[in-house]
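Notes for the one structure printed next.
The values are calculated or read from the model by the stated rules, or taken from the named source; none is laboratory data. Fair warning: this is a prediction, and the values are worked out from it, not measured in the lab. Here the Cβ positions follow ideal geometry from the backbone for every residue, glycine too, while neighbour counts run over all protein chains shown. Side chains are part of the model used for accessible areas, which takes the heavy atoms of the whole protein and leaves out ligands, DNA and RNA. Shrake-Rupley method; radii C 1.70, N 1.55, O 1.52, S 1.80 Å.
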Amino acid sequence: MVFLMRRQEPRSRFQDLDSVTINVAVITDDGDQIAAGSEGTIVGIWRGGAAYEVEFAEPPGALATIDPGDLTLVARAPI
């Protein structure tokens, strides 16, 4: 008899297109600084919620990978 053990991936705290604020200043992938308290949108979820890709309006198209502890939910994405 063979049993298959599956590792259950952790559930993500946030979901795609949720609006969030950042609790700390971050540096974007392009090297721009985003101030703490800035609002952005979740556009990617890494390793089941170990980190999140967040897009900011200013500068246009700015992206940063952020730890979940550094984010606060503003609004859930519309279904």
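With a cut-off of 14 Å between beta carbons, the residues surrounding L73 carry a summed charge of -2, where Lys and Arg count +1 and Asp and Glu -1. Evaluated with a Cβ-only charge set (Lys, Arg +1; Asp, Glu -1), the chain carries a dipole of roughly 640 debye about its Cα centre, given to the nearest 20. As a rough guide to protection, the peptides 28-41, 52-65 ranked by mean Cβ packing within 10 Å, highest first, stand as 52-65, 28-41. For Cα extents along the principal axes in Å, the value computed from the atomic coordinates appears in the list (1) 58, 28, 20; (2) 42, 29, 20; (3) 52, 26, 24 under label (1).
Electrostatic tally near W46: other residues with Cβ closer than 11 Å to its Cβ, Lys and Arg +1, Asp and Glu -1, net -1. Its Cα centre serving as origin, the stretch 33-79 has a Cβ charge dipole (Lys and Arg +1, Asp and Glu -1) of approximately 180 debye.
Counting only heavy atoms of the protein chains and using a 1.4 Å probe, R13 has close to 130 Å² of accessible surface. Spin-label model, Q15 to A75: label points 7 Å out along the Cα-to-beta-carbon direction sit 1.6 nm apart. Here's the picture: charge each Lys and Arg Cβ at +1 and each Asp and Glu Cβ at -1 in the chain, and of I22, G37, G48 the one pushed furthest to the positive end of that dipole is G48.
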